[in-house]
Amino acid sequence: MTDTIDEQGAGAPAAAVPQYTVPQERLIVTAVPGPKSQELHERRRAVVSAGVGSALPVYIERANGAVLVDVDGNRFIDFGAGIGVTTVGHTESNVVAAAASQLQDVIHTLFTVTPYEEYVRVAELLAEHTPGDWAKKSVLVNSGAEAVENGVKIARKHTGRRGVAVLDHAYHGRTNLTMAMNYKANPYGWGFGPFAGDVYHAPGSYPYRDGLGGVEAAERTIDYLEKIVGADDLACLVVEPIQGEGGFMVPADGFLPTLQGWCTANGVVMIADEIQSGMARTGRYYASEHFGWEPDLVLSAKGIAGGLPLAAVTGRAEIMDASHPGGLGGTFGGNPVACAAAIAVFEAIERDGLLAEADRIGGTLTAGLERLKERYDVIGDIRGIGAMIAIEVVEPGTATTTKRPNAQAVSALVAYAAQHGLLLLNAGTWGNVLRFLPSLAVTDALIDDALQVLDDGLAALG
Ligand code: PLZ
């Protein structure tokens, strides 16, 4: 997906050339936010809870490919993709067509009342594309947090145990159980307790800061689980193969398979939270594959349905069948329109070679960031895989010594980028990470342009 409408030359292939409905270029025509966005923001203040934030309060009117258009006519290169949701591109034409067609046929029945084929098809696709060559089953739900909740429910029922282990820097959602599973209380849990019990936080793998090899880091995690938690009452260990909100930490080699080995030996269900890292984002269907990790259960959400709400727990059939009939469900889970969109997403990944597109994006981004790192010593680390790349920003002169987190520079860069038509998201426990999560429709030209904005922003830090 490297061609735009303007670039279709005579040599372009006849099929699979995306037709964008929005020019794939940034364009700033007003102050950011512009007058119409400001007006909408005033209306919002009166009626939308103050607890709901917005990273960039420009109100979006249209979105296509890798570009957002706001109500004032400004166009932004979208390096957030709704936090890794519109992975196949905004308003991807096949996703739109599949959802529109499904809207005409059936919008809702509730699968647990009267079922429909689309749910079954999504479960088949998940069984095929999640890691591990064994019989798999799924349950479909509405959100990432709900997938985490269901993964834990199923693991508890299967093991007859209560304990839930997670890693430091983890993020798993905003429901009561998942708030307890997050590393950061502020903003996710602050004042919202009491929280669910039996949740244990163990150290993970953060190569830039802990300097540990994967097996060493896993041994530290296991030691914690054995000494502090105790394996006997542990139902599951939930791990993001590449941590998302925590700052895109790529674990050292061997970390994940070593933990899986320990879990298997101890009857603990190991669950991959692939909600941010899955669905082709890293150049594989699931990031676990990069690490030779075959999890017992895999959680999908975000990118699975091209922007429509859908999430899933998929895994070993014998674990997924642990629940008594009627134990799993929910009114909107596996909605037919969302399922039709998800089927179109799986098709787009295959038809448009999107796994290779993620590799291309990772290559272009990483090379450009490496060049910036040579010139700006606030870039401490560049990490990530495919279209899930981040830089960790540190105080000048500390990149190889104390690595002091530099949230101020991250905020300044995000603000600078927004003013210049580039939507960037921060991440990281200390707000010290700048993450790049473009859709797989982003062209190399757009990436180069975004890197130039970042270069200018870094220069402006002084
Ligand atoms: N697990 C790994 O990344 C969602 C949070 C946005 P939901 N991350 C974005 C926000 O501020 O609320 C996420 C994730 C991982 C679970 C979740 C939760 O997914 O669909 O937001 O519930």
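Here is a yes/no grid of residues against (1) touching a strand residue (DSSP E or B) at 6+ places or on another chain (Cβ under 9 Å); (2) within 16 Å of the ligand (Cβ to nearest atom); (3) within 29 Å of Gly421 (Cβ to Cβ); (4) open to solvent by 50 Å² or more (accessible area, probe 1.4 Å):
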{"site": "Ala50", "(1), (2), (3), (4)": "no, yes, yes, yes"}
{"site": "Ser54", "(1), (2), (3), (4)": "no, yes, yes, yes"}
{"site": "Thr87", "(1), (2), (3), (4)": "yes, yes, yes, no"}
{"site": "Thr91", "(1), (2), (3), (4)": "yes, no, yes, yes"}
{"site": "Leu103", "(1), (2), (3), (4)": "no, no, no, yes"}
{"site": "Val120", "(1), (2), (3), (4)": "no, no, no, yes"}
Next on the checklist: Please pick out the residue among Gly267, Gly283, Gly306 that is touching a residue at least 60 places away in the same chain (Cβ under 8 Å), away from the ligand (no atom under 11 Å from the Cβ) and open to solvent by 20 Å² or more (accessible area, probe 1.4 Å).
Outcome noted: Gly267
Next on the checklist: All but one of (1) within 13 Å of the ligand (Cβ to nearest atom); (2) assigned to a loop (DSSP other than H, G, I, E, B); (3) open to solvent by less than 20 Å² (accessible area, probe 1.4 Å); (4) touching a strand residue (DSSP E or B) at 6+ places or on another chain (Cβ under 7 Å) hold for Gln243; state the number of the condition that does not hold.
Outcome noted: (4)
Checklist entry - Can you pull out the residues in the stretch 64-85 that are open to solvent by 10 Å² or more (accessible area, probe 1.4 Å), of a type in the set (A, V, I, L, M), away from the ligand (no atom under 16 Å from the Cβ) and in contact with a helix residue (DSSP H, G or I) (Cβ under 9 Å, 6 or more places away or on another chain)? => result Val71
Item to check | Wholly within the stretch 279-391, helices (runs of 4 or more DSSP H) carrying at least 1 residues that are within 16 Å of Pro438 (Cα to Cα) | outcome: 336-351, 354-375
Checklist entry - Does Glu226 satisfy the criteria of being within 28 Å of Gly334 (Cα to Cα) and in a helix (DSSP H, G or I)? => result no
Next on the checklist: Which residue is farthest from Lys302 (Cα to Cα), if the candidates are limited to the stretch 124-156 and must be open to solvent by 20 Å² or more (accessible area, probe 1.4 Å) and within 15 Å of the ligand (Cβ to nearest atom)?
Outcome noted: Glu149
Next on the checklist: If I ask for residues that are within 13 Å of the ligand (Cβ to nearest atom), open to solvent by 50 Å² or more (accessible area, probe 1.4 Å) and outside any loop (DSSP other than H, G, I, E, B), which ones from the stretch 157-204 would you list?
Outcome noted: Asn176
Next on the checklist: For the list (1) farther than 17 Å from Glu146 by Cα; (2) within 18 Å of the chain's Cα centre (by Cα); (3) open to solvent by less than 10 Å² (accessible area, probe 1.4 Å), I need the number of the one condition that Glu289 fails.
Outcome noted: (3)
Checklist entry - Going through the stretch 392-410 one residue at a time, which ones are in a strand (DSSP E or B) and open to solvent by less than 20 Å² (accessible area, probe 1.4 Å)? => result Glu392, Val393, Val394
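The values are calculated or read from the model by the stated rules, or taken from the named source; none is laboratory data. Nothing here was measured: the structure is a model prediction, and the numbers come from that model. Every residue, glycine as well, gets a Cβ built from its backbone with ideal geometry; the counts of neighbours run over all protein chains shown. Accessible surface areas use protein heavy atoms only, side chains included; no ligands, DNA or RNA. Shrake-Rupley method; radii C 1.70, N 1.55, O 1.52, S 1.80 Å.
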